[in-house]
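A.B. asks: Structure below; questions to follow.
Coordinate-derived values only; no laboratory data. Computed from a prediction, not measured in an experiment: that's the story for all the values here. Cβ coordinates were reconstructed from backbone atoms using ideal geometry, including for glycine residues, and neighbour counts include every protein chain displayed.
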Amino acid sequence: MPTGEGTVEFKGTGSGLTIRVHLNQPYETIKEMIRHRIDEKPAFYTGATLAAVTCEGVSEETRQELENWLASDYQMTLNAQKNHEKEREISRKTIAVSDDEEKNAALTLLQNFNQQNPKFVQGTMRSGQKVDHNGDVIVLGDVNPGAEIYAGGNIVVMGNLRGTAHAGLNGQENAFVAALILQPTQLRINQLITRSPDDVPEKVWNPEIAKIKDQVICVEPFLSRNREND
Amino acid sequence: MGEVLVITSGKGGVGKTTTTANLGTGLAQLGKKVVVIDADIGLRNLDVVLGLENRIVYDLVDVIEGTCRLKQALIKDKRYPDLFLLPAAQTRDKNAINPEQMIALHEDLKEIFDFILVDCPAGIEQGFKNAIAGADRAVVVTTPEISAVRDADRIIGLLEAAELRNPKLIINRIKIDMVKNGDMMNIEDMLDILAIDLLGVVPDDPAIVISTNRGEPVVDGSQSYAGQAFRNIARRISGEDVPFLDLELQDNFIHRLKKILGFAR
């Protein structure tokens with residue numbers, strides 16, 4: 001049996017008040033229980049921003065009616081309408097929303113979701129292969145000339161980076177590109193583009209990291225042992 | 001049951017056709033039953049390199065379209081009775097056939113032959129897709145030029161995408177003197193980028209030009225280095241463990257060993 005069975009739960013969240021109904025009862029009974037809870041602190045609840053109303057074992061129409069009733073009787077405004085429906089939409093990766101505000105909110109959600117999930121690429125990335133990911137990208141292998149990586153976050157290459165890498169696509173200025181051997185065709189971080197010098201010196205085993213410092217892309221070793229040798 | 005090998009490169013002019021002709025002949029010398037297929041429809045060359053141009057009656061497209069029987073289109077080589085050529089059509093183009101038809105053709109050929117070598121056209125379009133369809137193994141040919149290596153890399157990526165894992169590399173037309181002077185890409189550099197197993201190294205050799213013009217593959221009785229290299233590759237394909245011919249390569253191996261042990265940079 002799930003916890004809180006047979007109760008109505010009120011919860012404050014960042015986006016407003018969430019009401020969770022954990023009972024399978026007719027509409028009127030549920031309404032009565034909610035009214036009872038609200039009447040304990042009417043001044044607090046009236047005019048509250050409503051994040052969501054979730055119901056277990058209750059039909060969608062009943063849930064809708066509850067929302068409408070809360071809006072009319074207690075002036076509760078519904079924040080980010082049909083929140084749960086939107087989440088469902090995002091998981092299907094089809095964002096079909098009408099107005100811009102909702103769309104932006106959905107996109108932010110999607111970005112946050114992706115940013116927590118770095119993308120791992122196993123094996124050598126060869127010419128013509130491309131990775132496009134909103135979060136961090138980690139390649140376990142080489143990135144050959146002609147291969148492209150576009151990342152919303154950071155890029156880490158556990159091998160030789162010889163292709164093109166673009167980190168911080170979503171305006172992340174502190175994004176970095178790190179590789180065991182860093183000799184990219186072209187390196188881009190956020191709005192900045194750089195390329196390797198034309199007279200390429202002999203590369204030795206030397207893990208390096210590239211990041212923005214004073215509006216310039218700087219490359220430096222990231223192992224302390226190498227820094228001491230400098 | 002035979003095995004289908006596709007010989008491909010991406011870039012044109014690196015020696016796919018020469019390699020196919022020589023490996024076909026080399027395998028036939030080893031007593032294998034071999035067919036070489038020219039998949040370069042519209043720009044056929046393999047028949048010329050093998051010196052069999054004047055014997056073509058039917059071709060690959062005729063077989064696939066059912067104009068003739070498979071055995072009618074197969075041309076027996078002048079020198080080796082176990083080597084056959086399935087020539088390409090010259091008056092058609094790459095769209096005359098599709099990958100499914102190639103797979104069906106391979107199924108028929110596997111019954112008769114030990115090795116089926118497919119000479120792939122340059123490029124990555126329809127002709128390439130037809131040529132790699134139904135292949136069991138792939139051999140990538142490159143020359144020590146950046147453009148050829150870049151294209152080989154792209155091709156390896158496409159082969160992997162088509163589920164043709166672990167292709168083998170042939171480095172063609174290498175000039176040892178130039179490599180030693182640092183004027184040409186060395187084998188180690190190429191292997192570092194392409195990250196696949198080396199099947200063989202063929203030195204640049206005037207004997208190739210002479211033999212191609214005569215329509216006689218260089219492996220056939222010639223004492224040239226290139227001929228020896230192709231013979232070795234053919235033996236490696238047939239499963240033998242043959243050491244690399246090239247002195248330079250052994251130098252590199254020792255150098256690499258030293259590097260691992262920390263004696264050299």
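A.B. asks: Evaluate the charge dipole of the range B:27-113 about its Cα centre and quote only its size in Debye, nearest 20, assuming +1 on the Cβ of each Lys and Arg and -1 on the Cβ of each Asp and Glu.
C.D. replies: Roughly 360 debye, rounded to the nearest 20.
A.B. asks: Okay, next question. What residue among B:95, A:189, B:244 has its Cα farthest toward the positive end of the dipole of the protein assembly as shown, where the charges are +1 on Lys, Arg and -1 on Asp, Glu, each on the Cβ?
C.D. replies: B:244
A.B. asks: Once you wrap a convex hull around the alpha carbon atoms of the range A:124-220, what is its projected area averaged over all directions, in nm²?
C.D. replies: Over all viewing directions, the range A:124-220 projects a mean Cα-hull area of 5.5 nm².
A.B. asks: Fewest to most neighbouring Cβ within 10 Å: what's the order for B:179, A:216, A:139?
C.D. replies: A:216, B:179, A:139
A.B. asks: Test of understanding: in a Gaussian network model of chain B with alpha carbons linked when under 10 Å, which of B:37, B:116, B:237 would top the mean-square fluctuation ranking?
C.D. replies: Per the Cα network of chain B with a 10 Å cutoff, B:237 tops the list.
A.B. asks: Write down the Å³ per residue value for the convex hull defined by the alpha carbon atoms of chain B. Could you put the intermediate results ahead of the total?
C.D. replies: Details: hull volume 32.6 nm³, N = 265.
In chain B, the Cα hull volume divided by residue count equals 123 Å³.
A.B. asks: Helix-only mean residue ellipticity at 222 nm, chain B, DSSP H runs n ≥ 4 weighted -39,500 (n - 2.57), per residue, nearest 500. What is it?
C.D. replies: Taken over chain B, the calculation gives -12500 deg cm²/dmol.
A.B. asks: May I pose another question? Using a 10 Å cut-off around each Cβ, can you sort A:127, B:224 from fewest to most neighbouring Cβ atoms?
C.D. replies: Ranked by crowding around the Cβ, least crowded first: B:224, A:127.
A.B. asks: So, with +1 on the Cβ of K and R and -1 on the Cβ of D and E, and no other charges, what is the size of the charge dipole of the protein assembly as shown about its Cα centre, to the nearest 20 debye?
C.D. replies: 1000 debye
A.B. asks: With +1 on each Lys and Arg Cβ and -1 on each Asp and Glu Cβ, and nothing else charged, work out how big the dipole of chain B is about its Cα centre, in Debye to the nearest 20.
C.D. replies: So the magnitude is around 320 debye.
A.B. asks: Something else about it: For chain B, modelled as a Gaussian network with Cα springs under 10 Å, which listed residue fluctuates most, B:74, B:23, B:117?
C.D. replies: In the Gaussian network model the winner is B:74.
A.B. asks: Which residue, chosen from A:33, A:123, A:76, occupies the Cα position most advanced towards the positive end of the dipole of the protein assembly as shown, where the dipole is computed from +1 (Lys, Arg) and -1 (Asp, Glu) charges on Cβ about the Cα centre?
C.D. replies: Value computed over the given set: A:123.
A.B. asks: Roughly what % of DSSP beta bridges within the protein assembly as shown run antiparallel, to the nearest 5?
C.D. replies: That works out to approximately 25 percent antiparallel.
A.B. asks: Residue-wise, which Karplus ³J(HN,Hα) couplings in Hz belong to the range B:227-238, taking 6.51 cos²θ - 1.76 cosθ + 1.60, θ = phi - 60°, and x for glycine or proline?
C.D. replies: x, 4, 4, 5, 4, 5, 5, 4, 5, 5, 5, 7
A.B. asks: Any chance you could get the radius of gyration and Dmax over the Cα atoms of the range A:8-79, in Å?
C.D. replies: 11.1, 30
A.B. asks: Below 16 Å, Cα to Cα, which aspartates and glutamates can residue A:31 reach? Residues fewer than 8 away in the same chain don't count.
C.D. replies: Correct list for residue A:31: A:9, A:39, A:40, A:56, A:60, A:61, A:65, A:67, A:73.
A.B. asks: In whole Hz and in residue order, list the ³J(HN,Hα) couplings for the range B:137-143 that follow from phi through the Karplus curve 6.51 cos²θ - 1.76 cosθ + 1.60, θ = phi - 60°; x for Gly and Pro.
C.D. replies: Taking θ as phi minus 60°, the curve returns 9, 10, 10, 9, 9, 9, 10 Hz for the range B:137-143.
A.B. asks: I need to check one value: relative contact order of chain B, counting alpha carbon pairs closer than 8 Å and at least 6 residues apart, in percent.
C.D. replies: That works out to 24 percent.
A.B. asks: Please give the direction-averaged projected area of the C-alpha convex hull for the protein assembly as shown, in square nanometres with one decimal.
C.D. replies: That works out to 35.6 nm², a quarter of the Cα hull's surface.
A.B. asks: Go through B:33/B:175; B:33/B:76; A:119/B:129; A:119/B:168; B:78/B:168 and tell me which ones have a Cα-Cα distance over 22 Å in this structure.
C.D. replies: B:33/B:175; A:119/B:129; A:119/B:168; B:78/B:168
A.B. asks: Going by C-beta contacts inside 10 Å, put A:50, B:199 in order with the fewest on the left.
C.D. replies: So the ranking, lowest neighbour count to highest, is B:199, A:50.
A.B. asks: Still on this structure: Considering only DSSP beta bridges whose two residues both sit in chain B, what percent are antiparallel, to the nearest 5?
C.D. replies: 5 percent
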